[in-house]
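K.L.:
Would you mind keeping the following structure in view while I ask a few things?
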Amino acid sequence: MNRDASLSAPPRPPRRTGAIVLVGLAVLCVAGAAFVLRRPLMMSVPACMAGRWHGCFDTFNGVVLMTLVSLPLAVLVAWVLARRRRAAGVPSAWRMSLAEVGMVHGTLPWVWMILMPGAGAGVVPGRVSLVPLRDLITMGPLGIVGNLLVFASLGFFAPVRFAALASVPRILALGTGCSVLVETAQYVLWLDRVSSVDDVLVNASGAVLAALASRRWWRTAERTPSDPPRPAPVPA
């Protein structure tokens, strides 16, 4: 009799390394952004603390400030979702919950800022720039970084949450499609903004780069009950 075969393997501890790393990266990114933008953000504090729409939610500084302020609430939502999933026996509860909250909290503020109306909104008709790389020069370093970050959270967390999106071509298609929708909305709604193909290119590139950064945590397809069982190893 093989005594080793009769001994049951010890239970493995729950794997929380991925969730801890994701939270650590998020904290570092938020702390860095708050340090770099601390002076502009302080300009929006009075309007935001007073609950005024003008000067807070209609300015880039105000939206960034409220995004940072609401981060503890986002973490709380992720914690509640993870607790409910763990109670229901769902595997990878923390990873799934953090990915869902991260996609929403990290993407909606950027889309809000992109869709902010300009001074001539409703009067100036939509403008389109379809020549690739022509507007890239006029963006400047800050504009390029901002466009890279628009769908970075979506590209980072989407393949972590959904196995169907765990590939670079699909993330590229997702980032491109979302960017095209936003640029189309700018044109249709007459927001006094230029709908540029360069914005689409940079937005999609940011999603792909962020997805590559999270590749080690991508979700793989899980086996279903219909999958054939693996044959048992034959003892020597």
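We did not get these values from a lab; they are worked out from the coordinates using the rules stated. As the structure is a prediction and not an experimental result, all values here were calculated from the model. A quick note on method: Cβ atoms are made from the backbone with ideal geometry, for glycine too, and the neighbour counts reach across all protein chains shown.
K.L.:
Which whole-number percentage describes the relative contact order of the stretch 112-221, with Cα contacts under 8 Å and a sequence gap of 6 or more?
P.N.:
Working: 180 pairs, mean separation 50.0, N = 110.
It rounds to 45 percent for the stretch 112-221.
K.L.:
Whole-Hz ³J(HN,Hα) for each residue in the stretch 180-192, computed from phi via Karplus 6.51 cos²θ - 1.76 cosθ + 1.60 with θ = phi - 60°, x for glycine and proline: what do you get?
P.N.:
Karplus-based 3J(HN,Hα) across the stretch 180-192 equals 4, 4, 5, 5, 5, 4, 4, 6, 5, 7, 6, 8, 6 Hz.
K.L.:
Counting other Cβ atoms within 10 Å, keep those with at most 13, restrict to DSSP loop, and tell me which chymotrypsin sites (Phe, Trp or Tyr not before Pro) in the stretch 50-84 are left.
P.N.:
Trp53
K.L.:
Give the long-range amide H neighbours of Ser129: residues separated by 5 or more places, or on another chain, with amide H under 5 Å away, using H modelled in the peptide plane at 1.01 Å from N.
P.N.:
Ser195, Ser196, Val197
K.L.:
Roughly speaking, what is the stretch gain from His54 to Leu68, that is 0.36 nm per residue apart minus the C-alpha to C-alpha distance, in nm to one decimal? Intermediate values should be presented prior to the final figure.
P.N.:
On the way: separation 14, 0.36 × 14 = 5.04 nm, distance 1.86 nm.
Taking 0.36 nm per residue and subtracting the Cα distance, the gain is 3.2 nm.
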